[in-house]
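Report on the following structure.
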Amino acid sequence: MGNSYEKILPEHADFIAKQPVFFVATAPLSPEGHVNVSPKGYDSFRVFSPTQVGYVDLTGSGNETSAHIQENERITFLFMAISGPPQILRLYGKGKVIGPSHNRWKELSGSFPAYPGTRQIILATIHKVSTSCGYAVPYLAYERDRDTLKLWAERKGSAGIARYQQRHNRRSLDNLPTGIENDES
């Protein structure tokens, strides 16, 4: 039922591009730490090459992915067919956080729509791709993207987003730093 690959094949990239939602999983090194699985939507994921992917990360209630990646780099992405033939595809890799001050920000951010509240780009080098049947995944109907997060970020504005990140996105659930600097003096 399942197969493993060393890189993303064209058919994998096609499958990924058709999925309206994907999941990101990371974990701290500490066995007591919280494993994080986060759903993502919008037009936010890109396959840059057979071994490199990335997604634009929007400001939200936490910043676990950034903290975990900065501690140990491990990241897994999961895509599943919600319509059509069943399939699950996982990408295993090592991640890097690209913030607005990073030297690759301008190059990479141009690959994504300019969403309000954009916080960072998560870039990953993929070392394993696995596919499995997905036979137990139910059929789901994609209607449209929710606009709630975009509207929230627009209402807050740039200064409000920066304040929110300072208050809510600087440390993980396990008190790991996320890379968002303390600008409050």
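If G84 satisfies every condition in (1) out of contact with any strand residue (DSSP E or B) (no Cβ under 9 Å at 6 or more places or on another chain); (2) outside any loop (DSSP other than H, G, I, E, B) but one, which is the exception?
Among (1) out of contact with any strand residue (DSSP E or B) (no Cβ under 9 Å at 6 or more places or on another chain); (2) outside any loop (DSSP other than H, G, I, E, B), the lone unmet condition for G84 is (2).
In segment 60-67, is there at least one residue being in contact with a strand residue (DSSP E or B) (Cβ under 6 Å, 6 or more places away or on another chain) and of a type in the set (S, T, N, Q)? Quick ask: steps written out before the conclusion?
So in segment 60-67, the residues in contact with a strand residue (DSSP E or B) (Cβ under 6 Å, 6 or more places away or on another chain) come out as 64-66.
Next, from what is left, pick out any that are of a type in the set (S, T, N, Q): 65-66.
Looking through segment 60-67, at least one residue is in contact with a strand residue (DSSP E or B) (Cβ under 6 Å, 6 or more places away or on another chain) and of a type in the set (S, T, N, Q).
Which residue out of I75, I121, I126 is closer than 16 Å to I180 by Cα and assigned to a strand (DSSP E or B)?
Working: I75 fails: closer than 16 Å to I180 by Cα; I126 fails: closer than 16 Å to I180 by Cα.
Result of the check over I75, I121, I126: I121.
Here is a yes/no grid of residues against (1) free of Cβ contacts under 8 Å to residues at least 40 places away in the same chain; (2) charged (D, E, K, R):
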site: R104; (1), (2): yes, yes
site: A114; (1), (2): yes, no
site: G117; (1), (2): no, no
site: H127; (1), (2): no, no
site: S132; (1), (2): no, no
site: R144; (1), (2): yes, yes
site: R167; (1), (2): yes, yes
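Going through segment 22-36 one residue at a time, which ones are among the β-branched types (V, I, T) and in contact (Cβ under 8 Å) with a residue 24 or more places away in the chain?
Quick first cut of segment 22-36, residues among the β-branched types (V, I, T) only: 24, 26, 35.
Scanning segment 22-36 gives V24, T26.
Checking the conditions here, which among G84, G99, G93 is surrounded by fewer than 17 Cβ atoms within 10 Å (Cβ to Cβ), among the small types (G, A, S) and under 28 Å from E11 (Cβ atoms)?
Values: G99 fails: under 28 Å from E11 (Cβ atoms); G93 fails: surrounded by fewer than 17 Cβ atoms within 10 Å (Cβ to Cβ).
Exactly one residue qualifies, and that residue is G84.
None of the figures in this text is laboratory data; all of them are computed from the coordinates on show. Small disclaimer: the values here were computed from a predicted structure and weren't measured. As a convention, Cβ positions derive from the backbone with ideal geometry for all residues, glycine included, and neighbour counts pool all protein chains shown.
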